[in-house]
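Student: Handing you a structure now.
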Amino acid sequence: MVNWFNRVMDRPDLGKLILRLAFSILMIFHGWHKLIGGIDYIQGLLTQHGLPGFIGYGVFLGELVAPLLIILGIFTRPAALVFSFTMLAAYLLIDPGKALMLTKVGAWGAEDMAVYFFAGLAIAFLGSGRYSVMKDPNWR
């Protein structure tokens, strides 16, 4: 029974695809919100930290372009690192003090950003697997 179950569930490429799709689709909602509603909030945070506001347009790279590349399996590893860097930047801009807090339900204060950050790292180390629109592994 155990061997049968392990054989049936031993699908690492499918697991990579599910991870890629789940986190990328969820991140695209964040990017879409900023595309429709604007990035004034992010530009304000950047200027508060002494950085030029135009850097805020980089959010579209991390929250729309990188997730789309990850979904398609194109340059998956570099796109996943951009994805993770975006979460690190968000954490540093929004409130690094969240790392020392728990929410009302007992979650870590920075949990949402940390989950995306570590998922991006996992995708970067795993790569796209065989499910990609690119046949050439060099482009995955």
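Student: Can you find even one residue in the stretch 5-21 that is of a type in the set (A, V, I, L, M), touching a Phe, Trp or Tyr at 6+ places or on another chain (Cβ under 9 Å), within 23 Å of Phe118 (Cβ to Cβ) and surrounded by 14 or more Cβ atoms within 10 Å (Cβ to Cβ)?
Tutor: Yes; the residues of the stretch 5-21 include at least one that is of a type in the set (A, V, I, L, M), touching a Phe, Trp or Tyr at 6+ places or on another chain (Cβ under 9 Å), within 23 Å of Phe118 (Cβ to Cβ) and surrounded by 14 or more Cβ atoms within 10 Å (Cβ to Cβ).
Student: Picking from Ile36, Ile25, which residue would you name as being within 11 Å of the chain's Cα centre (by Cα) and among the β-branched types (Val, Ile, Thr)?
Tutor: Answer to the check: Ile25.
Student: While we're on this one: Considering only residues that are in contact with a Lys or Arg (Cβ under 8 Å, 6 or more places away or on another chain) and within 30 Å of Gly53 (Cα to Cα), look in the stretch 114-140 and name the one that is surrounded by the most Cβ atoms within 10 Å (Cβ to Cβ).
Tutor: Ile123
Student: Taking the stretch 62-119, which residues are within 14 Å of Ser24 (Cβ to Cβ) and of a type in the set (Val, Ile, Thr)?
Tutor: Correct list: Val65, Ile70, Ile71, Ile74, Thr76, Val82, Thr86, Val115.
Student: When the residues of the stretch 77-101 are filtered to those that are within 11 Å of the chain's Cα centre (by Cα) and of a type in the set (Ser, Thr, Tyr), which remaining residue is farthest from His33 (Cα to Cα)?
Tutor: Within the stretch 77-101, the first condition is being within 11 Å of the chain's Cα centre (by Cα), and the residues that meet it are 79-88.
Still in the list and also of a type in the set (Ser, Thr, Tyr): 84, 86.
Values: Ser84: 19, Thr86: 15 Å.
Taking the candidates together, the pick is Ser84.
Student: Another question about this same structure. Kindly provide the set of residues from the stretch 1-23 that are of a type in the set (Asp, Glu) and free of Cβ contacts under 8 Å to residues at least 60 places away in the same chain, ordered by number.
Tutor: The one that is of a type in the set (Asp, Glu) and free of Cβ contacts under 8 Å to residues at least 60 places away in the same chain: Asp10.
Student: Next up: Does Gly53 satisfy the condition of being within 17 Å of Ala90 (Cα to Cα), in contact with a Ser or Thr (Cβ under 7 Å, 6 or more places away or on another chain) and not aromatic (Phe, Trp, Tyr)?
Tutor: In short, yes.
Student: Give me the helices (runs of 4 or more DSSP H) completely within the stretch 35-140, filtered to those with at least 2 residues that are small (Gly, Ala, Ser) and out of contact with any strand residue (DSSP E or B) (no Cβ under 9 Å at 6 or more places or on another chain), ordered by residue number.
Tutor: 76-94, 111-126
Student: If I filter the stretch 34-55 down to residues being of a type in the set (Gly, Ala, Ser) and within 29 Å of Leu72 (Cβ to Cβ), which single residue comes out as surrounded by the most Cβ atoms within 10 Å (Cβ to Cβ)?
Tutor: We begin by selecting, within the stretch 34-55, every residue of a type in the set (Gly, Ala, Ser); these are 37-38, 44, 50, 53.
Right, trim to within 29 Å of Leu72 (Cβ to Cβ) and you get 37-38.
On the way: Gly37: 9, Gly38: 11.
Applying the filter and picking the extreme gives Gly38.
Student: List every residue pair whose Cβ atoms sit under 9 Å apart, with the two residues 6 or more apart in sequence or on different chains, where the first one lies in the stretch 72-83 and is among the basic types (Lys, Arg) and the second, anywhere, is outside any helix (DSSP H, G or I) and modelled with pLDDT under 95.
Tutor: Arg77/Arg140
Student: Can you spot a residue in the stretch 24-33 that is surrounded by fewer than 12 Cβ atoms within 10 Å (Cβ to Cβ), in contact (Cβ under 8 Å) with a residue 40 or more places away in the chain and in a helix (DSSP H, G or I)?
Tutor: No: the stretch 24-33 contains no residue that is surrounded by fewer than 12 Cβ atoms within 10 Å (Cβ to Cβ), in contact (Cβ under 8 Å) with a residue 40 or more places away in the chain and in a helix (DSSP H, G or I).
The values are calculated or read from the model by the stated rules, or taken from the named source; none is laboratory data. Not measured: the values here are computed from a predicted model. Don't worry about glycine lacking a Cβ; one is built from the backbone with ideal geometry, like all the others, and counts go over all protein chains shown.
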